[in-house]
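Below is one structure, written out as structure tokens; comments come after it.
The values are calculated or read from the model by the stated rules, or taken from the named source; none is laboratory data. For clarity, every value in this text was computed on a predicted model and none was experimentally measured. Glycine also receives a Cβ, built like all others from the backbone with ideal geometry; neighbour counts cover every protein chain displayed. The accessibility values were calculated without ligands, DNA or RNA, using every heavy atom of the protein model including side chains. Shrake-Rupley method; radii C 1.70, N 1.55, O 1.52, S 1.80 Å.
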Amino acid sequence: MPAIIVVGGQWGDEGKGRVVDLLARKSHIVARYSAGNNAGHTVVNELGEFRLHLVPAGIFYGDKECIIGNGVVIDPAVLLQEIGELEERGVSVERLHISDRCHIIMPYHLLIDRLDEELRGKAAIGTTGRGVGPAFADKVGRLGIRMGDLIDPDAFRQRLSFILPYKNAVLQKLYGAEPLSFEDVSSTYAGYGPQLSPFVTDTAALVQDALDRGETVLLEGAQGALLDLDAGTYEYVTSSVPSSLAGGATVGMGIGPVHVSKVVGVYKAYQTRVGNGPMPTELVDKMGDALRERGWEYGATTGRPRRCGWFDAVAARYSARLNGLTSVAFTRLDVLDGFPSLSICTAYRLGESTIRTFPASSVALARCQPVYEELPGWQKDTRQIRAFEELPPQAKAYVERIQELIGCPIDLVSVGPERDQAIIVNPVF
Ligand code: IMP
Ligand code: MG
């Protein structure tokens, strides 16, 4: 079997971790290919609830190779803490592999992330503050330090002695901040190298060998299409290079696109967003609060309350097209249990016209008014249902209407956070 990509179809937090956990059962390798510890996956299994920021969700199976691919940026302190926590709770990390090409988040990235947001003032992006954006900016600006440098003390000192004065000049002259000490940074990071080096390898070669043996590789995206640097609501987007879109998966893993056979888009049954930027279906009322409380919509990384609203089918169809989806996994249907009626946004009103396309400009998107279609809700608990036919007729109608609007089959519906709280409509692979 070839490579299968799992991506977010909205603004992140669609439940990719949960879907990957489910699909990992039939896979040999589970790999992350972009972003960093701005991402947060919640996985619930027999060992309890876990929040993963860097380690792929396949780690719980024990027999899957788990890979952090070259497209991911790594904060070594965060990764080591995550590894430590997993081990403490009885999860082996023996099968974790990290690409030697991953870029490293440095202390100045964390500082600049915060200082930049301050400088932007009202135009702040609302980043997760983890240094991810500045680390990707340095990757593109050719000022990055990579995992291969971190585990080689001489290479690391050489890189840092060139880059730190440059960064200190930016900190002092642009932001009026204090410079960082070379000795402090280099001694802290020198401690990380030997701890991470057993995990570091040429992961692209490892994945290629697995593909050549006919094994199944699950490529796990982070965030969602609407946060993508190119496709998303620029400039209120994340900065991953390569993109979190399906198109970025093979670049972020170091394999050819010919290996990909399926792309699974994960969508939540309603809409959420963390951070700033336009969100046409946002509900700043009791209904929005009810969604947030019922769905416990608080960021897995920052704990920020998520903005909640009705399902946006215009955006959903757009992201399905950009990702070339072959399947949809539809999550958190149970959160809608009990609402008397539900709305789906099927078009936007923009000035005098009605549009069904997603505007490129965030300014234009902010002007868009949602056009809603109203559907009756179901006042029944769906959490114990395991077959699509057994869903209340209104729930089936809601799922089927969204499937039609996205234009891609919904093959999986989740009705709770536990591994078995899923309805397999059609096997994804
Ligand atoms: P950054 O990725 O920290 O630079 O943040 C840029 C934007 O992406 C902000 O709106 C964040 O809230 C959002 N963002 C980044 N990662 C995630 C995620 O994993 N889930 C949801 N939103 C995210
Ligand atoms: Mg998340």
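Below are the figures for this structure:
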item: Relative contact order (%) - criterion: Cα under 8 Å, at least six apart; region: the chain; result: 20 percent
item: Distance histogram in 10 Å bins (all Cα pairs of segment 190-295, percent per bin); result: 12, 30, 28, 21, 9, 1
item: Highest-fluctuation residue, L226, L350, L160 considered, GNM on the chain with Cα pairs under 10 Å; result: L350
item: Interchain or long-range residues, amide H under 5 Å from I98's placed H; result: I68, V200, T201
item: Solvent-accessible heavy-atom area per residue, rounded to whole Å², over segment 103-196 at 1.4 Å; result: 50 Å²
item: Cα-Cα P(r), the chain, percent of pairs per 20 Å interval; result: 27, 56, 16, 0
item: Inter-label distance for Y166 and D209, nm, one decimal - labels placed 7 Å from Cα along Cα-to-Cβ; result: 3.4 nm
item: Most fluctuating residue given options D152, D230, D13, as computed from a GNM of the chain linking Cα atoms under 10 Å; result: D152
item: Equivalent ellipsoid semi-axes - Cα gyration tensor, segment 267-424, angstrom; result: 25, 18, 15
item: Nearest-ten-degree value, helix 182-196 long axis tilted from longest Cα axis of the chain; result: 60 degrees
item: L229, L47, L325, reordered so the largest accessible area comes first (probe 1.4 Å); result: L47, L229, L325
item: Share antiparallel - DSSP beta bridges, the chain, percent rounded to 5; result: 40 percent
item: The chain: most fluctuating residue of R306, R89, R386 per GNM, C-alpha cutoff 10 Å; result: R89
item: Sequence ranges 92-105, 258-271, ranked by mean other-Cβ count within 10 angstrom, highest first; result: 258-271, 92-105
item: Length-normalised contact order of segment 150-265 in % [C-alpha pairs under 8 Å, at least 6 apart]; result: 17 percent
item: Accessible area of segment 6-73 belonging to carbon and sulfur atoms, whole % at 1.4 Å probe; result: 47 percent
item: Acute angle (nearest 10 degrees) that the helix 203-212 long axis makes with the longest principal axis of the chain, alpha-carbon atoms; result: 50 degrees
item: Rounded tilt (10° steps) of 153-169 against the dominant C-alpha axis of the chain; result: 70 degrees
item: Cα centroid of segment 250-298 to Cα centroid of segment 80-133, whole Å; result: 20 Å
item: Using θ = phi - 60° and Karplus 6.51 cos²θ - 1.76 cosθ + 1.60, couplings along segment 372-389 (whole Hz; Gly, Pro as x); result: 9, 10, 9, 10, x, x, 10, 9, 9, 7, 9, 5, 9, 7, 10, 10, 4, 4
item: In nm, spacing of pseudo-spin labels at T354 and A387 (7 Å Cα→C-beta vector); result: 3.9 nm
item: Beta bridges per DSSP with both ends in segment 1-93, % antiparallel, nearest 5; result: 50 percent
item: Part-to-part distance (alpha-carbon centres) for segment 354-414 and segment 138-173, which is given in Å; result: 46 Å
item: Cα coordinate range in segment 103-196, projected on the principal axes (Å, largest first); result: 42, 23, 21
item: Per residue accessible area of segment 267-424, 1.4 Å probe, in Å²; result: 42 Å²
item: Over segment 176-235: Rg over Rh, Cα atoms, Kirkwood Rh; result: 1.19
item: Karplus (6.51, -1.76, 1.60) ³J(HN,Hα), θ = phi - 60°, over segment 94-110, in Hz, Gly and Pro reported as x; result: 4, 9, 8, 10, 10, 5, 6, 9, 4, 7, 9, 7, 9, x, 5, 5, 5
item: Residues whose placed amide H lies under 5 Å from that of I410, excluding near-sequence neighbours; result: V328
item: Carbon/sulfur fraction of accessible area - segment 111-157, other protein chains in place, 1.4 Å, %; result: 53 percent
